[in-house]
1. Just checking, which of Ala48, Ala111, Ala61, Ala115 is of a type outside the set (Lys, Arg), away from ligand 2 (no atom under 16 Å from the Cβ) and buried (at least 23 other Cβ atoms within 10 Å of the Cβ)?
2. Going by the structure shown, is Ser145 open to solvent by 10 Å² or more (accessible area, probe 1.4 Å) and more than 26 Å from Gly106 (Cβ to Cβ)?
3. Only one residue in Ser194, Ser206, Ser123, Ser187 is more than 24 Å from Ala61 (Cα to Cα), open to solvent by 30 Å² or more (accessible area, probe 1.4 Å) and touching a Phe, Trp or Tyr at 6+ places or on another chain (Cβ under 9 Å), so which one is that?
4. Going by what's in this entry, would Ala66 be described as touching a Leu at 6+ places or on another chain (Cβ under 6 Å) and either of a type in the set (A, V, I, L, M, F, W, C) or surrounded by fewer than 23 Cβ atoms within 10 Å (Cβ to Cβ) (or both)?
5. Of the conditions (1) under 15 Å from Leu128 (Cα atoms); (2) open to solvent by 60 Å² or more (accessible area, probe 1.4 Å), Ile231 satisfies every one except a single condition; which number is it?
6. Are any residues in segment 200-235 assigned to a helix (DSSP H, G or I) and within 16 Å of ligand 2 (Cβ to nearest atom), and if so, which ones?
Amino acid sequence: MDHIRKAILKAKAAQKHRAEVVSVASPRRPPDVEPKPASSAGASSDHARPLLDLDPKYLEANRIVAHLPHSPLTVGFDILRTQVYQVMRERGWRTLLVTSPTPGCGKTVTAINLAISLARQHSCFAVLIDCDFRKPNVAEYLGYSPDIDLIDVLDGHCTVAQCLQGFTVTGGGLGVIATRDPLPRPSEVLSSQSMKDVVASIKAISPDTLAIFDVPPMLVADDVMAFLPEIDGVVLLVTPGKSTYADVDACLRNIPKEKLIGTVLTKYEGAIEQHHYTRYYGR
Ligand SMILES: Nc1ncnc2c1ncn2[C@@H]1O[C@H](COP(=O)(O)OP(=O)(O)OP(=O)(O)O)[C@@H](O)[C@H]1O
Ligand SMILES: [Mg+2]
């Protein structure tokens, strides 16, 4: 399936950097109008889906910022990206799961930004998969309405290759497999043979493909536990004022030590001193 990656990368030439002043607002619903296909050049001839244009302002309003060049907001995600990438490359890992003890810690926002940041470096092809079957909202955060999704793949109605959606805003280095609606019995789906086949198909896209899975919080159900055997690495998000010591401890006891890449502090509202050279080099 290397042709999928090549097709998505072909649209790189069409990418326009549209750096805007970042203003973080409340999350919004996706626009009524579905984004138009931005480029089908190369993609259709390789049987991949046309790349989609996304609205940079809509992304920023939803805290999706990792595509912005020279933005101080992307630095944290780039540092996380590099740390994760180095560990995964060193260990030959291909699959990563982003979770948290309880809801609302920023998993989806972090997973999307991390995937975009990984996509921006040329050494890997990032695939983001919405496996939060309780509250799937990757497509909503990105602002598009998928016509086919992961459930169609799991049901055998289409292949991973047919479902994979690329975006111009990420330079073509990111593929997304969305989920449109919540699904009953998520943990059974996540531990099914069909799900194992999907993970295998994603890995088969190319040797440098890295899969990032957005999943539910660990302590609300057994979904993450059911899926962990298929996953190489885990990033655990922790939010001050929300994640208790007991909750974090419960997660750490359930994640195999060798799989934990690290914990990430999210939604920290204290002041972080901006290092003077960020501005200097950020120009
Ligand atoms: N780093 C951050 N700083 C501030 N706010 C954030 C951050 N990350 C996410 N948020 C906000 O927190 C809210 C929840 O984010 P998100 O949907 O990513 O969380 P989640 O862990 O995926 O939630 P759920 O468990 O419901 O799936 C959103 O309003 C989002 O904009
Ligand atoms: Mg989420």
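1. Numbers: Ala111 fails: away from ligand 2 (no atom under 16 Å from the Cβ); Ala61 fails: buried (at least 23 other Cβ atoms within 10 Å of the Cβ); Ala115 fails: away from ligand 2 (no atom under 16 Å from the Cβ).
The match here is Ala48.
2. Working: open to solvent by 10 Å² or more (accessible area, probe 1.4 Å): yes; more than 26 Å from Gly106 (Cβ to Cβ): no.
No, not satisfied.
3. Numbers: Ser194 fails: touching a Phe, Trp or Tyr at 6+ places or on another chain (Cβ under 9 Å); Ser206 fails: open to solvent by 30 Å² or more (accessible area, probe 1.4 Å); Ser187 fails: open to solvent by 30 Å² or more (accessible area, probe 1.4 Å).
On inspection, the qualifying residue turns out to be Ser123.
4. Details: touching a Leu at 6+ places or on another chain (Cβ under 6 Å): no; either of a type in the set (A, V, I, L, M, F, W, C) or surrounded by fewer than 23 Cβ atoms within 10 Å (Cβ to Cβ) (or both): yes.
Considered against the rule, which asks whether it is touching a Leu at 6+ places or on another chain (Cβ under 6 Å) and either of a type in the set (A, V, I, L, M, F, W, C) or surrounded by fewer than 23 Cβ atoms within 10 Å (Cβ to Cβ) (or both), Ala66 comes out as no.
5. Result: Ile231 fails condition (2) only.
6. Correct list: Asp223, Val224, Phe227.
The values are calculated or read from the model by the stated rules, or taken from the named source; none is laboratory data. Nothing here was measured: the structure is a model prediction, and the numbers come from that model. Backbone-built Cβ (ideal geometry, glycine too); neighbour counts: all protein chains shown. Just so you know, the surface numbers come from the protein's heavy atoms only, side chains and all, with ligands and any DNA or RNA stripped out. Shrake-Rupley method; radii C 1.70, N 1.55, O 1.52, S 1.80 Å.
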